[in-house]
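What follows is a single structure, written as structure tokens, with notes after it.
Bear in mind that the values in this text are calculations on the coordinates, not laboratory data. Since the model is a prediction, treat every value here as computed from it, not as a measurement. In this analysis, Cβ positions are derived from the backbone assuming ideal geometry, glycine residues included, and neighbour counts consider all displayed protein chains.
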Amino acid sequence: MSEHEAATHGHADHGHADHGHGDHGHHVIPQAKLLQTFFILMALMIATVVAARLPYEGGIKGIPSAIAWLVLLGIAFWKAGLVVQIFMGVKYSTKLTKLYAYGGFVWVTLLGVTLFDYATRQLEPVQGWEPVAESALPR
Amino acid sequence: MSSTVIEQAVEREEPAAPQKNYLNADHTIKSWLLTGDHKRIAVLYLISVTFFFFLGGIAAAFIRAELTSPMGTLLNSETYNKMFSAHGIIMIFFFLIAAIPAVLGNFLIPLMIGARDLAFPRLNLASWYVFMLGGLLFIIALILGGVDAGWTFYTPLSSLYSQTQITLALVGLFLAGFSSIMTGVNFIATIHKMRAPGMTWFRMPLYVWSHYATSIIAILGTPVVAITLLLVALERGLRIGIFSPELGGDPVLFQHMFWFYSHPAVYIMLLPGMGVISEIMSCFSRRPVFGYKFVAFSSMAIAGLGFLVWGHHMYVSSQSVFQGIIFSLISFLVAVPSAIKVFNWSLTMWKGSVVFSTPMIYALGFLGLFTIGGLTGLYLSAIGTDIHLTGTYFIVAHFHYVMVGGTVMAFLGGLHFWWPKMFGRMYSEFWGRISAIVVFVGFNFTFFPQFILGYLGMPRRYHYYYIAPEWQVYNVLSTAGSTVLGIGFLMPVFYLLKSLKSGPIAGPNPWGATGLEWEAAASPPVTLNFDGIPKVVGPVYNYDAIEDSESFRREQMEKVTK
Amino acid sequence: MAAHAHDGHLRSPDMPEVYPQFEDIDQQQETYIVGMWAFLVNEVMFFGPLFFIYGLYAWKHNAVFYVTSHHLDYKIGALNTTILLISSWMVAMAVHYHQKNQLKKVCNMLWGAAVCGTAFLAIKLIFEWAPKFDHGLFPTPGFQSRYLAYYGADTNPDVARLFFSMYFAITGLHALHVLIGVLIFVWLIRLIKKRPDVITDYVPTEMVGLYWHFVDLVWIFLFPLFYLMPK
């Protein structure tokens, strides 16, 4: 239905259709879809606040803080996915746009290779290199 | 210099009225400074990077002069630090990164893929202004006293201890980085969307492939160093703590972030040069590039792998040994696509009709020097040898073999190759060959002794070495070589400028080369590049199909043997 | 992909403007979107290291960051998230209306987004940064003693300084992006109203929209990481 709407409403006033590329041009995302996405985003925002206010490890026994991290980041990625897919229209765009849109988010995780350094430093402790205060990252 | 090809060209061109082209379309200064034409912007960039090249060269001259004596009598320590910092920063950020993409890439990519211009002409012009603003800020920083933290700006020296104009320089580099990002975005959009009908990905010249890989690195890497340098500037200005241990941060983290960009940046400098070499090799061997797809994909492989090897700059930085091992392994892997390229260029020449014209001499120089630079890189990617060699002149020699022997040779080769296309005139082939040979010889005299120095243990960035006066002979050799090298670099300025006025008219295709820029565009090209968008029907590097290929070769050989 | 040699120049007056380097409007629009995404990839890599550095320090100094992060008011953060989500929706609607060529509604939506952006900045400045500055919590020299004076010795002030350094660096850079976005909104509205010869199709609005959604995206990660940090 949305494809059809794009073809009729999207280009009607624009004069594109006369030139024969009315139906393979851009995609008009329906208003209802945008509004729905907005409400889902709001709901997720409230969910993330509520989730974060739950007492971990202290109050409710058996919810380790790792779960809290997973929930918070999971919701953040979910929200980000919605924004990218619907608001930014990547879901309806060309393969090339998809490649660039997701490529950047994939590539930025390469910075995480650095974590390997910090994770393995403690495997080779050097005498006398223990940090004095808790200021620098522990070697 | 009485080649029949050129004489024919003169006869063809002479009777016609001076053709309208991008150079004479409009003569006002304003039309140059507000132009959207990629060819004019390329010329603006050419002037700028040449200026920065010689500015950086002057700093290098001071370094070499200082090192002739073990006592370090010419400059004091601080001035020496400022000299090598200025040399490194100018050469890397204001010459090498911009040289081939912004000059030759800007000029040639639309011509090679059959487009009227780059996708975003105003962005292109803006990139030049941002570049110049960055350069201006850095020059102001130099005038106000210079920078002494080296081009790497390691914290906490750069953020807490140095008393020099680092903040201003960092802003300048930030802007230069943005100029490179703008060019990258422009190239990516252009290469994806503006190819002429029939110009499929595998009909693109390898030059365009290598620029595509370069642009990918530019948009993926440059912002990382931009934000890192910005954080250093913030730490310096406001004393907020991110990278300095006194303020709670971790200096090794700065090195991680810095090299995340700065190692791929090596490929930003090198890959476009490799593209140039592919073009020159096939034209002057009169053969298609051997293994086209392998060369194309090796560019992409270098771009990808280049992001995973940054830790080999940090073996002695207290990064974990385990990470060092992994980075070492991946660094060795980069040698594979690099070697694919070198072997394929060599096989391009095999059974070809090699013509030793000026661009080809530069390209052959590239092949030899880059091979040495690349192989010595393997010494440095092995952790054990690196611990002995790191921070010595071995490193200096290694990256000069790659950067000067690779990029600068390719830039000069490409400039000579496309000079007739850019300005419509031939330069003196005699002086061209002399200069190519002088640069090659001078380069080796300058930097080969530095390998020995580094092996003997001379540290880089020291301005005296009275503890080991036996190093003086190598340093004097190196300085003498650098004089020859400097003369080699100055020579093209004279004969190229002279050719603008009195060189023979080149005609559209003086080298009998393939490619849209030679076969479909005039020399110099008209403002919108082509009379109508060309349609591409055949494969790239189709040298067998060029009828006068054999006669061209014979004429060129006559010139050589004469 | 390009179709014919000269068609780009022989266009009828009711067609949108095609720049001379393009063949037809489709190619032009696609090229601009690809260019914008290439720019956004660069923006991702620009904010990426900041988040990475923050994440690394938060991992290594988890206990301190947990205490310090609760000195931020999550209610203000949630309010600002809501404002940004509304503005993001408005921009998406602006693109929607521009594709239907309802320019009046486009301008209304862009105004709404600009007002939201301004409100975001105002809330950030008045309710978050200004009190922090007043309490001396900007991480300049002497931060540690000011922190101890204000919050007492609830945690290691050296590391708290690291937290506030990252907080001001990331929110500051994000606010700069918001400010630029608001200025672009105003500029775009002016162009739509005054210069129909420049804004001939929806692509400029789409590009501004992509930029704004990216700003929203940064905040979507920033909010839980700074305001809602679990132990």
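What is the sum of charges, Lys and Arg at +1 and Asp and Glu at -1, for the other residues whose Cβ falls under 13 Å from the Cβ of C:Lys75?
Numbers: positive: A:Arg53; negative: C:Asp73, C:Glu128.
Its environment carries a net charge of -1.
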### Volume in Å³ per residue [convex hull over Cα atoms, computed for the protein assembly as shown]
172
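Once you keep just the Cα pairs under 8 angstrom separated by 6 or more residues, what percentage relative contact order results for the stretch C:24-227?
Across the stretch C:24-227, relative contact order equals 33 percent.
Can you list which of the DSSP-assigned H helices in chain B have a Cα extent of 30 Å or more along the long axis and an average Kyte-Doolittle score of at least -0.5? Don't jump to the answer; show the numbers that get you there.
Numbers: long enough: B:38-66 (41 Å, 1.30); B:121-143 (33 Å, 1.66); B:166-193 (40 Å, 1.49); B:206-238 (47 Å, 1.45); B:251-285 (50 Å, 1.00); B:321-349 (43 Å, 1.56); B:358-381 (34 Å, 1.33); B:429-456 (41 Å, 1.20); B:472-502 (45 Å, 0.92).
Span-like helices, by this rule, are B:38-66, B:121-143, B:166-193, B:206-238, B:251-285, B:321-349, B:358-381, B:429-456, B:472-502.
Over the Cα atoms of the stretch A:30-123, what is the Rg over Rh ratio if Rh follows Kirkwood? Write down the numbers at each step before the final one.
Working: Rg = 17.7 Å, Rh = 16.1 Å.
We get a ratio of 1.10 for the stretch A:30-123.
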### Message
I need to check one value: relative contact order of chain B, counting alpha carbon pairs closer than 8 Å and at least 6 residues apart, in percent.
### Response
19
## Note on the structure
In terms of the charge dipole of the stretch C:24-227, which places +1 on Lys and Arg and -1 on Asp and Glu at the beta carbon, the residue among C:Ala38, C:His71, C:Phe221 farthest towards the positive end is C:His71
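Compactness ratio of the stretch B:25-121: Cα Rg over 2.2 N^0.38 Å, N = residue count? Kindly include the intermediate steps, with their values, before the conclusion.
Numbers: Rg = 18.6 Å, N = 97, 2.2 N^0.38 = 12.5 Å.
My calculation over the Cα atoms of the stretch B:25-121 gives 1.48.
Please state the charge dipole magnitude for the protein assembly as shown, taken about the Cα centre, from unit charges on C-beta atoms (+1 on K and R, -1 on D and E), reported in debye and rounded to the nearest 20.
Using Cβ point charges on Lys, Arg, Asp and Glu, the protein assembly as shown gives about 500 debye.
Report the gain in length on full extension from B:Arg122 to B:Ser77: 0.36 nm times residue separation, minus Cα-Cα distance, nm rounded to one decimal. Could the numbers behind the result be given before it?
Numbers: separation 45, 0.36 × 45 = 16.20 nm, distance 4.45 nm.
So the chain would gain 11.8 nm between B:Arg122 and B:Ser77.
Can you tell me the dipole magnitude for chain B around its Cα centre, using point charges on the Cβ only (Lys, Arg +1; Asp, Glu -1), in Debye to the nearest 20? Show your work: numbers first, answer last.
Details: 31 positive and 26 negative charges, 92 e Å.
Once rounded to the nearest 20, the dipole reads 440 debye.
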### Query
Which ordering of A:Lys98, C:Lys193 is given by a fewest-first count of other beta-carbon atoms within 10 Å?
C:Lys193, A:Lys98
### Task
Averaging over all projection directions, find the projected area of the Cα convex hull of the stretch B:423-521 and quote it in nm² with one decimal place.
8.9
### Task
Excluding residues fewer than 8 places away in the same chain, name every one of the lysines whose C-alpha is closer than 30 Å to that of B:Lys351.
B:Lys293, B:Lys341, B:Lys421, B:Lys559, B:Lys562
### Task
Would you mind computing, in nm to one decimal, how far apart the modelled labels at C:His70 and B:Leu238 are, each placed 7 Å from Cα along Cα→Cβ?
2.6
### Query
Along the charge dipole of chain B, Cβ charges K/R +1 and D/E -1, which of B:Gly368, B:Ala189, B:Ile302 sits furthest on the positive end?
B:Ala189
### Query
Based solely on its DSSP helices, what 222 nm [θ] is calculated for chain B when runs of n ≥ 4 H residues each add -39,500 (n - 2.57) and the sum is averaged over all residues, nearest 500 deg cm²/dmol?
-22000 deg cm²/dmol
### Query
Any idea how many Lys pairs in chain C come in under 20 angstrom at the alpha carbon, given 8 or more places apart or on separate chains?
11
### Query
Looking at the stretch C:24-227, what % of the alpha carbon pairs are farther apart than 29 Å?
33
### Query
For chain C, what is the charge dipole size about the Cα centre, in debye to the nearest 20, if Lys and Arg each add +1 at the Cβ and Asp and Glu each add -1 at the Cβ?
860
### Query
For the modelled label position 7 Å from the Cα of B:Met300 along Cα-to-Cβ, which residues of the stretch B:505-544 have backbone nitrogen atoms closer than 19 Å?
B:540
### Query
Which order results if C:Tyr54, B:Tyr495, B:Tyr466, B:Tyr362 are arranged by neighbouring Cβ count within 10 Å, fewest first?
B:Tyr466, B:Tyr495, C:Tyr54, B:Tyr362
### Task
Compute the distance in nm between two label points, each set 7 Å from the Cα along the Cα-to-Cβ direction, one at B:Asp531 and one at B:Phe54.
3.9
### Normalised alpha carbon radius of gyration of chain B [divisor 2.2 N^0.38 Å]
0.95
### Message
Give me the three principal axis extents of the stretch C:153-231 from the C-alpha atoms, as integers in angstrom, largest value leading.
### Response
62, 18, 11
### Query
Sorting B:Asp531, C:Asp197, B:Asp117, A:Asp117 on the 10 Å Cβ count, fewest up front, what's the list?
C:Asp197, B:Asp531, B:Asp117, A:Asp117
